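The values are calculated or read from the model by the stated rules, or taken from the named source; none is laboratory data. Keep in mind that this is a model prediction, so the values were computed, not measured. Neighbour counts run over all protein chains shown; Cβ positions are idealised from the backbone, glycine included. Quick note on the areas: whole protein, heavy atoms, side chains included, nothing else; ligands and nucleic acids left out. Shrake-Rupley method; radii C 1.70, N 1.55, O 1.52, S 1.80 Å.
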Amino acid sequence: MKSRRMKHEGLLHTALSCDDILCNILIRLPPESITKFVIVSKRWLHLICSSSFRHSYLSRWRVGFNLLGFFVCNSLYLGRPKGGARRPRSEPALPLLSSSREGDDLKFSGVLKKLGYFIDSSDGLLLCGRHPKTYFVWNPITKQQHKLPHPRVHFEELCMAFIVEDSPDDEICYRVVRAKCESRFEEVNVVTIETFLSKISTWCYSKLRCSSTISLSPWTSGTVIGGVIHWYAAQGNIAIYDPYHHEKHIALVKLPGPFDFDEQVLGESSDGCLQYGWSCKAGLQIWVLEKGFDGYSSLFSTNEQSSLSWSLRYKLNFKIMWRKNPTLATKCVTRKETEILAFSPQDSKSVFIRSGSSIYLYHIGSGRMEVIQYQGRGSSILSDFSKVVPYFKRAWPQSTFCCGGNSST
């Protein structure tokens, strides 16, 4: 009996010593369990934190995100024309309203002072810089910044998109897209773009065709869902561009209802669709763009403007919301300024709401609100010209062991 047990333990040790077998075991564990095994050994830590395992695991499981804080983007300074408003020295170029310890570390590390203005984020990586030619990508894991080479083409007005791509190895790959915005609405059906690919470290120029007249909204960042970019466009449209589709085509989809609301936001729903939220003084609505069986493929392959449809998923009256949360209502003296702020990533169950300098997370199912505590409360940078953007990082273990070198048990 003893010899049989020893033989069994020997086989178990041999199996767990093989990375492939260990990966096949770990990939079957749910997210709440996988993070507990990083303390077993350095080898297990390195394996779980590696990009290859992370890539395989995230293709199988849905892992949540951690909120680090909120970046404040002032449209008066981003893309500032000659003679335009200058940022006061007392106001930071890249303000972060930290809501976590990791956000505090980033805020007080001094690195934000070197990156210029916030442009976008993707999977925790930051895209910052100064238009029209200086851009940085900052990696929160390695704490390193990468300066992109200057773009080859000058755009007077532009919008951008930032995509962190899946990579089976430990190298982080991404692409940055700059799209030209026409300064006035002309009869054009072409969008000029320039794309930076980190794999080859160069900018690539191309033109996208549209089946109708198109004009993108300047100084905005695209919402990326499954690698597909969604930009705001003129006349109440959303422009959709799939950089991985063989057709160099950009399609327009009309937004639901009127499009002159006080606030509008885009995001990804729990089922991987584009969700669109708008708010006015009375309340908010959340719509979802339902995909066809082939996703967006037919949209890029045909000359039809849109074969997709919007469905209303949620409608909220702000007066009823405050009535259900009386404790918060008495503390908030500026309820008339209540507006939708942003969606949580890959989430249809909650939405961020801003009222004055206060930020709340509203849970759609229960109608409950919770206050988001952050550093910088009541700051004057929360002005009418400021866009407040939540900064998320995927809830995945990190280690410096994954940044190079081998680890042992």
How many nm is it between the label spots at Ala395 and Lys319, if each spot is 7 Å from the Cα in line with the beta carbon?
-> 3.7
Size of segment 18-61 as Cα extents on the principal axes (Å, biggest first) = 24, 21, 17
Ordering of 138-144, 339-345 by burial proxy (mean other Cβ atoms within 10 Å per residue, highest first) | 339-345, 138-144
Taking all protein chains as present, what is the carbon and sulfur share of the accessible area of segment 18-61, in % to the nearest whole number, probe 1.4 Å?
-> 57
Each label point is 7 Å from the Cα along the Cα-to-Cβ direction; what then is the distance between the points at Ser270 and Asp105, in nm?
-> 3.1
Residue-wise HN-Hα coupling along segment 203-209, computed from phi with Karplus coefficients 6.51, -1.76, 1.60 (Hz; x: Gly, Pro) | 9, 10, 9, 7, 10, 9, 9
Computed FRET efficiency, Cβ-Cβ of His150 and Arg60, R0 56 Å: what is it to the nearest 0.05?
-> 0.90
Inter-site label distance for Asn139 and Arg89 at 7 Å from Cα along Cβ, in nm | 3.6
Answer in debye to the nearest 20: the dipole magnitude of segment 18-61 about its Cα centre, from +1 Lys/Arg and -1 Asp/Glu charges placed on Cβ, is 80
How much length, in nm to one decimal, is gained on full extension between Ile364 and Ala234, taken as 0.36 nm per residue of separation minus their Cα-Cα distance?
-> 43.8 nm
Average accessible surface area per residue within segment 18-61, 1.4 Å rolling probe, Å² | 55
Gain in length, Asp20 to Cys280, computed as 0.36 nm per residue apart minus the alpha-carbon separation, to one decimal in nm?
-> 88.2 nm
